[in-house]
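> Starting off with a structure, shown below.
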Amino acid sequence: MIRAAITSVGHFLPEERLTNADLEKLVDTSDEWIRARTGIEERRILRDKDKATTYMAIEASKEALEKRGMDAGELDVIIVATVTPDMFFPANACQVQAALGAPKAWGFDLSAACSGFLFGINTAACLIESGRYRSVLLVGSDKMSSITDYTDRNTCVLFGDAAAAVLLEPDTNGNGLIDSVLRTDGNNWEALCMQGGGSLNPPTHETVDRKMHYIHQDGRTVFRFAVSAFINVAAEVMQRNGLHSEDIRYFAPHQANQRIIDAAARRMGISSDRVMLNISRYGNTTAATIPLCLYDWEHELRRGDNLVLAAFGGGYTWGAAYVRWAYDGVARPPVAAKEAEAVA
Ligand code: ACO
């Protein structure tokens, strides 16, 4: 049986750090509140006006290809998961294809908010399992700062900018994406959205004045739904694959709120040392969170390790996946190792 296995991971993080102390100067908030309610200490911000989601996606992709020793000419498909595309069209994937020099690849963008990577890995797996495609590049990239209102304390403390990319290739040794549970429920879309800029509310002075080009979130409503939804799909994936907590090497959750992650890990019976948690350093980077976790923990992963991935996002969209890791992680260069130590 052909499965789609992750064979490399790359990432891009902007240099600039926006700390809780910086945010205290912008809105009525405190480091204590942000840490206690979200687990976030700082986020990365791509300040350069000439660079956006595509730039970060390209950088992350280059690293993934280089680590694998793969020429971009071998790529069959490029999928960019994002809610902050450089522009509505052409798709970000087109510019990624051109910048990488991938003449054989076709590609498209995938919009599923914070579940983008999870929906993307399933899409990529279907392409590979069909036998028609052998190498799919999946990138999660979001410049959340471009849609964040830095006068709104309800949202501006939550998000950061980043990209991370994975390569997916066929595996016939039992590794790769084993199973997933994906869900969508459009009934509560208004609780988490950006209403301006699309065909319903094209940009006008009024949409700008009404701040419709910024992310809007009714945090409390989303939180309530997210906790149970997130926990239920993770538990369902474990149950239907006969996975017990001790079978799971790592839980790789979307990083929206540490309280949601802790609740899910408790229900799954997974101790904190087996939870990939880097929200304190990057905040919520939307489609980039899960691959960024894989990047940060890659050096610890071994072939055959069982991972459970889970995400929840706007839409609502949510899901969980069971992945069996396909390669032994390589030792980190000293700087990255020091950073990884800081995470632990
Ligand atoms: N600093 C200080 N106080 C604040 C801040 C802040 N930054 N933000 C909100 N508050 C206040 C509120 O105004 C409120 O005050 P009030 O009681 O006087 O009205 C109080 O704190 C509590 O507000 P809540 O919204 O109930 O706070 P909560 O504990 O729920 O935390 C948060 C808010 C962090 C947003 C949480 O609700 C959450 O994480 N929600 C889910 C996020 C999520 O999973 N989103 C999906 C993925 S994102 C995507 O798809 C793009």
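> Given the conditions (1) farther than 27 Å from GLU16 by Cα; (2) surrounded by fewer than 20 Cβ atoms within 10 Å (Cβ to Cβ); (3) out of contact with any strand residue (DSSP E or B) (no Cβ under 6 Å at 6 or more places or on another chain), which single one is not true for ALA72?
Evaluating ALA72 over (1) farther than 27 Å from GLU16 by Cα; (2) surrounded by fewer than 20 Cβ atoms within 10 Å (Cβ to Cβ); (3) out of contact with any strand residue (DSSP E or B) (no Cβ under 6 Å at 6 or more places or on another chain) leaves (2) as the failure.
> Could you run through segment 61-87 and say how many residues are under 19 Å from the mean Cα position of the chain (by Cα) and part of a helix (DSSP H, G or I)?
Of the residues in segment 61-87, 5 are under 19 Å from the mean Cα position of the chain (by Cα) and part of a helix (DSSP H, G or I).
> From the list ASN175, ASN154, ASN188, which one is of a type in the set (S, T, N, Q) and buried (at least 17 other Cβ atoms within 10 Å of the Cβ)?
Step by step, each of ASN175, ASN154, ASN188 is checked, and only ASN175 is of a type in the set (S, T, N, Q) and buried (at least 17 other Cβ atoms within 10 Å of the Cβ).
> Counting only residues that are modelled with pLDDT of 95 or more and of a type in the set (Lys, Arg), which one in segment 280-339 is most open to solvent (accessible area, probe 1.4 Å)?
ARG303
> Do you know which residues across segment 1-39 are free of Cβ contacts under 8 Å to residues at least 40 places away in the same chain and more than 16 Å from the ligand (Cβ to nearest atom)?
GLU15, GLU16, ARG17
> Among the candidates ASP262, ASP209, single out the residue that is away from the ligand (no atom under 11 Å from the Cβ), modelled with pLDDT of 95 or more and under 18 Å from LEU158 (Cβ atoms).
Of ASP262, ASP209, the one residue that is away from the ligand (no atom under 11 Å from the Cβ), modelled with pLDDT of 95 or more and under 18 Å from LEU158 (Cβ atoms) is ASP262.
> Answer yes if at least one residue in segment 175-186 is within 12 Å of the ligand (Cβ to nearest atom) and within 25 Å of GLU298 (Cα to Cα), and no otherwise.
No; the residues of segment 175-186 include none that is within 12 Å of the ligand (Cβ to nearest atom) and within 25 Å of GLU298 (Cα to Cα).
> For segment 207-224, how many residues are in contact with a strand residue (DSSP E or B) (Cβ under 8 Å, 6 or more places away or on another chain), open to solvent by 30 Å² or more (accessible area, probe 1.4 Å) and not acidic (Asp, Glu)?
Qualifying residue count, segment 207-224: 2.
> Kindly provide the set of residues from segment 16-48 that are hydroxyl-bearing (Ser, Thr, Tyr) and surrounded by fewer than 16 Cβ atoms within 10 Å (Cβ to Cβ), ordered by number.
THR19, SER30
Conditions tested, residue by residue: (1) more than 16 Å from the ligand (Cβ to nearest atom); (2) of a type outside the set (A, V, I, L, M, F, W, C); (3) at pLDDT 95 or above.
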position: PHE230; (1), (2), (3): no, no, no
position: HIS244; (1), (2), (3): yes, yes, yes
position: TYR250; (1), (2), (3): yes, yes, yes
position: GLN258; (1), (2), (3): no, yes, yes
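> Select from segment 242-255 the residues that are outside any helix (DSSP H, G or I), open to solvent by 30 Å² or more (accessible area, probe 1.4 Å) and at negative phi and list them in ascending order.
Of everything in segment 242-255, those that are outside any helix (DSSP H, G or I), open to solvent by 30 Å² or more (accessible area, probe 1.4 Å) and at negative phi turn out to be HIS244, ARG249.
> How do the pairs read when you match residues in segment 294-316 that are free of Cβ contacts under 8 Å to residues at least 12 places away in the same chain with residues anywhere that are within 16 Å of the ligand (Cβ to nearest atom) and not hydroxyl-bearing (Ser, Thr, Tyr), using Cβ under 8 Å and keeping only pairs 6 or more apart or on different chains?
none
> For residues in segment 191-206 being within 15 Å of the ligand (Cβ to nearest atom) and either assigned to a helix (DSSP H, G or I) or open to solvent by 60 Å² or more (accessible area, probe 1.4 Å) (or both), which is nearest to ALA235 (Cα to Cα)?
Across segment 191-206, the extreme among qualifying residues is ALA191.
> Here is a follow-up. Criterion first (of a type in the set (Phe, Trp, Tyr) and under 16 Å from the mean Cα position of the chain (by Cα)) does PHE117 satisfy it?
yes
> Mind checking which residues of segment 97-130 are closer than 30 Å to VAL222 by Cβ and of a type in the set (A, V, I, L, M, F, W, C)?
Result: PHE108, LEU110, ALA112, ALA113, CYS114, PHE117, LEU118, PHE119, ILE121, ALA124, ALA125, CYS126.
The values are calculated or read from the model by the stated rules, or taken from the named source; none is laboratory data. As the structure is a prediction and not an experimental result, all values here were calculated from the model. Cβ coordinates were reconstructed from backbone atoms using ideal geometry, including for glycine residues, and neighbour counts include every protein chain displayed. These area figures cover heavy atoms from the full protein model, side chains too; ligands, DNA and RNA do not enter into them. Shrake-Rupley method; radii C 1.70, N 1.55, O 1.52, S 1.80 Å.
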